[in-house]
Amino acid sequence: MDRSQSDVLILGGGVIGLACALYLLKRGASVRVLEQGLPGSGSSHGNCGTVTPSHAAPLTMPGMVGVALRSLLRRDAPLYVNPRPDAARARWLLGFARRCNWRDFERAGEARGAILSRSRALLDDLVANEGLDCEFESTGELYVYRDARTLLADRPHVDLLRRLGMEVSELDGDAALALEPALREGVAGALLHPGDARLRPDQYVAELARRVREQGGAIETGARVDEFVFDGTRISHVRTTGGVFGGERVVMALGAWSPLVGRLLDIRLPMQPGKGYSLTWERPPSRAPHHSLVLREAAVCVTPWRSGYRLGSTMEFSGFEPGLNDVRIDALRRGAAAYLHEPEGQGEVVPWWGWRPMSVDEVPIIGTSTRWSNLAYATAHGMLGISMSAATGELLADLLTGATPAIDPAPFAPGRFAL
């Protein structure tokens, strides 16, 4: 038996790759995951850890182009586009701008809502049945507004969620303060999303990796993809820094790295890295919020856990420029301080940055390739990899094993981009 050969070879050991591996193993497939670093060391590690059906509404809505243009002059803007010339980013931004209309907003929102709702429904059972120790809590999430105009501008998001059958409760300022005493005075209103949840993302990914190994899957670390070997329209083998591996099917679950590796396949994936930041304390503040929060005007996410506390979010389009941007880290702190009595946690604080895999239409790319006969994709989940992980793993396993999918796969199909 060739130990380097598997039924399915998964490129990428982040939350999406590991979720796909686990669901495929549960269907009886042999699986090998190739990861250039350690499992979950990319954007799966330092994100906000929220599970958010409430985020069904995409960024592609009328008016977003103006927001992006105004951000060129503000390095601390919640949405920042670096003005440095970049042809690939310019093409992506033009494609994104063309989709900033109500028709595409609704279409993307329906697709995102379907996979988010399915994933949320799966997650309770996944955590319980697989024994995942990741501080999972179904506490809901509160969007907090200090300006009534921002709350009014978010009306299309509320309407979309209600059309999708998701519960949203509208609160005035007094009700929001009564529900969440950690908030400072001056709240204009809030939206409570009771169906949302939270977990510790680094622990969730580590637990998925544990279960993949326990189910008989292999995870190769230090295995950066360097080259593909072809047999006609089929990928025969993948050469990596950790060895040469083959699979009857190959799954690209590389997150933000997908378009770079896609070039080796002569594929232009319509994606850009959206850089996010977070600050994590080893203990929550004494006056920590009960709910996860989205501080709407500041675009800061606040996640309290038993074992820590995180401020995160912001979106920076600067290509693959590495490193921390202190201006944007400071913006997280300032934003939280405007809303919370105790905006920062206790103990050591760890800053983090990572690249989110942003698709041009704000919908993940999941399914079989139209270009390569044994290639499939599970990528481009943007800021929602954790939230969409379970349903993505299930959907990909359905598609590769011939089962009837629980959700319509058509909106996610790579064929919409001739991939």
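Return the residues of the stretch 182-197 that are open to solvent by less than 10 Å² (accessible area, probe 1.4 Å) and within 21 Å of the chain's Cα centre (by Cα); say none if nothing qualifies. Across the stretch 182-197, the qualifying residues are His193, Asp196, Ala197.
Could you please let me know if Thr379 is of a type in the set (Val, Ile, Thr), surrounded by fewer than 22 Cβ atoms within 10 Å (Cβ to Cβ) and either touching a Leu at 6+ places or on another chain (Cβ under 9 Å) or more than 28 Å from Cys48 (Cβ to Cβ) (or both)? It is false that Thr379 is of a type in the set (Val, Ile, Thr), surrounded by fewer than 22 Cβ atoms within 10 Å (Cβ to Cβ) and either touching a Leu at 6+ places or on another chain (Cβ under 9 Å) or more than 28 Å from Cys48 (Cβ to Cβ) (or both). Entry remark, the stretch 24-44: residues being part of a helix (DSSP H, G or I), surrounded by 24 or more Cβ atoms within 10 Å (Cβ to Cβ) and not aliphatic (A, V, I, L, M) number 2 in total. Of the residues making up the stretch 390-413, those that are hydroxyl-bearing (Ser, Thr, Tyr) and surrounded by fewer than 17 Cβ atoms within 10 Å (Cβ to Cβ) are Thr401, Thr404.
This table checks each residue for (1) in contact with a Phe, Trp or Tyr (Cβ under 6 Å, 6 or more places away or on another chain); (2) open to solvent by less than 40 Å² (accessible area, probe 1.4 Å); (3) touching a residue at least 24 places away in the same chain (Cβ under 8 Å).
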{"residue": "Ala87", "(1), (2), (3)": "no, no, no"}
{"residue": "Leu93", "(1), (2), (3)": "no, no, yes"}
{"residue": "Asn101", "(1), (2), (3)": "no, no, yes"}
{"residue": "Arg112", "(1), (2), (3)": "no, yes, yes"}
{"residue": "Arg120", "(1), (2), (3)": "no, yes, yes"}
{"residue": "Thr150", "(1), (2), (3)": "no, yes, yes"}
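Listed by first and then second residue, the pairs linking a residue in the stretch 190-216 that is more than 12 Å from Phe136 (Cα to Cα) and without any contact (Cβ under 8 Å) to a residue 12 or more places away in the chain to a residue that is of a type outside the set (Phe, Trp, Tyr) and surrounded by 18 or more Cβ atoms within 10 Å (Cβ to Cβ), with Cβ atoms under 8 Å apart and 6 or more places separating them unless they lie on different chains, are Arg213/Ile219.
If you take the residues in the stretch 257-280 that are open to solvent by less than 10 Å² (accessible area, probe 1.4 Å) and part of a helix (DSSP H, G or I), which one is farthest from Asp86 (Cα to Cα)? Checking each candidate, the answer is Leu265.
If a residue must be of a type in the set (A, V, I, L, M, F, W, C) and under 20 Å from the mean Cα position of the chain (by Cα), how many such residues does the stretch 136-159 contain? Qualifying residue count, the stretch 136-159: 2. Scanning the stretch 287-328 for residues that are open to solvent by 10 Å² or more (accessible area, probe 1.4 Å) and assigned to a helix (DSSP H, G or I) turns up Asp326, Val327.
The values are calculated or read from the model by the stated rules, or taken from the named source; none is laboratory data. Model, not experiment: these values are computed from the prediction. Using ideal geometry, Cβ is built from the backbone for each residue, glycine included, and neighbour counts are taken over all protein chains shown. The area values use the complete protein model at the heavy-atom level, side chains included, leaving out ligands, DNA and RNA. Shrake-Rupley method; radii C 1.70, N 1.55, O 1.52, S 1.80 Å.
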